[in-house]
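K.L.:
Before we start, here is the structure in question, set down as structure tokens.
The values are calculated or read from the model by the stated rules, or taken from the named source; none is laboratory data. For clarity, every value in this text was computed on a predicted model and none was experimentally measured. Every residue, glycine as well, gets a Cβ built from its backbone with ideal geometry; the counts of neighbours run over all protein chains shown.
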Amino acid sequence: MTIPGPRSNQLMSRRNAVIPKGLSHATPIFVERAEGAIVWDVDQNSYIDFAGGIGVQNLGHRPAFVIDAIQQQLTKYLHTSVNVMAYEPYIELAEHLVALTPGTFDKKVLFINSGAEAVENAVKIARAYTKRQAVVAFTYGFHGRTLLTMTLTGKAKPYRAGFGPMAPEIYHIPYPYPYRDPEGNLPHYGRIAAERLLELFRTEIPADQVAAVIVEPVTGEGGFIVPPPEFLPRLREITAEHGILLIADEIQTGFGRTGKLFASEHTGLVPDLMTVAKSLAAGMPLSAVIGRAEIMDSPQVGGLGGTYGGNPVALSAALAVVKAFEQDPGILAHAVEVGEAVQERFRNFQQKYDIVGEARGIGPMAALELVESSESKTPSMKAASMVAQYALEHGLILMRAGMESHVIRTLMPIVIRSDELQRGLDILDQSLAYATESSHTYSKAGR
């Protein structure tokens, strides 16, 4: 197939005339329709989707039960603003989420539009409750593109460069990165990484001035880095000891992405506040902050809200999503099977190709860190770019991540059919072979 086709080229010319260059696109194609795990571009080329709108399509493109829920809501009302006139779907979805998220304590929920808005509001709520100002985040983390959330984000380019000054009272410590941290092979590395927070308290900001620590249970844009099992429980212990709230950013990891409904469940983490978005509403703009009731009630009346937050159409879509997870345990069971298949192939890729420095992930949230060679471990953005381009030209949509955009990550729908998954993994295999040959590297199997 010719990628991009003539129609996509025409649209790209029109796009360049009226859309700012700062808005990037992972591919040069324009979509016409999508169904399940397959998308078609305007030139009628079809692709297996391993990007899922950046982790938004965990249940696939246009699931019928979501479309039905949206259509039913469209016959009633589109918008009143919950700040003017409330509506039942807002309450009903909150009731489901307080039951599904970790923790047996009373919880409350705030709905907004985007992941960044969820993080912004979680920080506001944490500051209101603790009467403290400082917030600690992690390197390699991603929390959004607003002033506060890009300040929390632990990657300078392209997210922070040129947009300063940053928001005040934000501090960073290293996220545990076993593959690259010199201490990564030490016993109890997870505890060591969590206790770097204690060093921050000694050197930069006293613990009694810190409102919250925000953490991704698995990094998203940072490269799908999986922390050691001890890390999150020890982080929970430290924050609790100092009266600091722990915010779990489950925006990319939530709703089955790791094989469990929330990634926090893998280590038994019970955060004080949780942010969710992306696959919550199957493509409709909706996010939420879920947390302990007494914490969520700390902002003054009128301190939370927004004109579009908790739009009834988006809420109806999300209700269909959460009910699907509640009523069909086969969804998460299939996600586990998808994860096992992906992880097995990825381990094989690591053995087969010297440009694969590490294969990692939890369930279907998997990644390949591409390097110039397994010995040097030098990040290879070139190899990752070649893999993504070759895959696109052969019918597979991939996304990159990592500090050097050198990590291939998988965000395919967790409901993807087995034949589609294997075909996509075969194309990825071919793409790695192409990049290996083009980079003049060699296969481990051939050494």
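K.L.:
Pick out, from the stretch 88-199, the helices (runs of 4 or more DSSP H) lying fully within it that include 3 or more residues that are assigned by TED's automatic domain parsing to the domain that holds LEU245 and either modelled with pLDDT under 95 or in contact with a Ser or Thr (Cβ under 9 Å, 6 or more places away or on another chain) (or both).
P.N.:
Of the helices (runs of 4 or more DSSP H) lying wholly inside the stretch 88-199, those with at least 3 residues that are assigned by TED's automatic domain parsing to the domain that holds LEU245 and either modelled with pLDDT under 95 or in contact with a Ser or Thr (Cβ under 9 Å, 6 or more places away or on another chain) (or both) span 115-130.
K.L.:
Ok, one more. Kindly indicate whether any position in the stretch 13-22 is under 15 Å from ILE397 (Cβ atoms), part of a loop (DSSP other than H, G, I, E, B) and within 27 Å of the chain's Cα centre (by Cα).
P.N.:
Within the stretch 13-22 (the criterion being under 15 Å from ILE397 (Cβ atoms), part of a loop (DSSP other than H, G, I, E, B) and within 27 Å of the chain's Cα centre (by Cα)), the answer is no, since none of the residues qualifies.
Here's the yes/no breakdown for (1) modelled with pLDDT under 95; (2) surrounded by 16 or more Cβ atoms within 10 Å (Cβ to Cβ); (3) not assigned by TED's automatic domain parsing to the domain that holds TYR159:
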{"residue": "MET365", "(1), (2), (3)": "no, yes, yes"}
{"residue": "VAL371", "(1), (2), (3)": "no, yes, yes"}
{"residue": "THR410", "(1), (2), (3)": "no, yes, yes"}
{"residue": "ILE416", "(1), (2), (3)": "no, yes, yes"}
{"residue": "ASP419", "(1), (2), (3)": "no, no, yes"}
{"residue": "GLN422", "(1), (2), (3)": "no, no, yes"}
{"residue": "SER439", "(1), (2), (3)": "yes, yes, yes"}
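K.L.:
Separate question: Can you pull out every residue in the stretch 137-187 that is of a type in the set (Asp, Glu) and over 16 Å from VAL119 (Cβ atoms)?
P.N.:
ASP181, GLU183
K.L.:
So which residues in the stretch 1-59 are hydroxyl-bearing (Ser, Thr, Tyr) and surrounded by 15 or more Cβ atoms within 10 Å (Cβ to Cβ), if there are any at all?
P.N.:
Across the stretch 1-59, the qualifying residues are SER8, THR27, TYR47.
K.L.:
Please tell me if SER264 is among the hydroxyl-bearing types (Ser, Thr, Tyr), part of a helix (DSSP H, G or I) and within 19 Å of the chain's Cα centre (by Cα).
P.N.:
Yes, satisfied.
K.L.:
Pick from the stretch 211-237 the residues that are acidic (Asp, Glu) and in a loop (DSSP other than H, G, I, E, B): which of them is surrounded by the fewest Cβ atoms within 10 Å (Cβ to Cβ)?
P.N.:
Only one residue fits best here, namely GLU230.
K.L.:
Can you confirm whether TYR179 is of a type outside the set (S, T, N, Q) and touching a helix residue (DSSP H, G or I) at 6+ places or on another chain (Cβ under 8 Å)?
P.N.:
When the stated conditions are applied, TYR179 does not pass them.
K.L.:
Taking the criterion of being crowded, with 17+ Cβ neighbours inside 10 Å, of a type in the set (A, V, I, L, M) and free of Cβ contacts under 8 Å to residues at least 24 places away in the same chain, would at least one residue in the stretch 379-391 satisfy it?
P.N.:
No: zero hits.
K.L.:
Still on this structure, please answer the following. If only one of ARG360, ARG345 is part of a helix (DSSP H, G or I), modelled with pLDDT of 95 or more and within 23 Å of the chain's Cα centre (by Cα), which one is it?
P.N.:
Just one listed residue meets the conditions, ARG345.
K.L.:
All but one of (1) outside any loop (DSSP other than H, G, I, E, B); (2) over 25 Å from VAL84 (Cβ atoms) hold for GLY291, so report the exception by its number.
P.N.:
Just one mismatch for GLY291, condition (2).
K.L.:
Identify the single condition in (1) free of Cβ contacts under 8 Å to residues at least 40 places away in the same chain; (2) in a helix (DSSP H, G or I) that PHE65 does not satisfy, given that it satisfies every other one.
P.N.:
(1)
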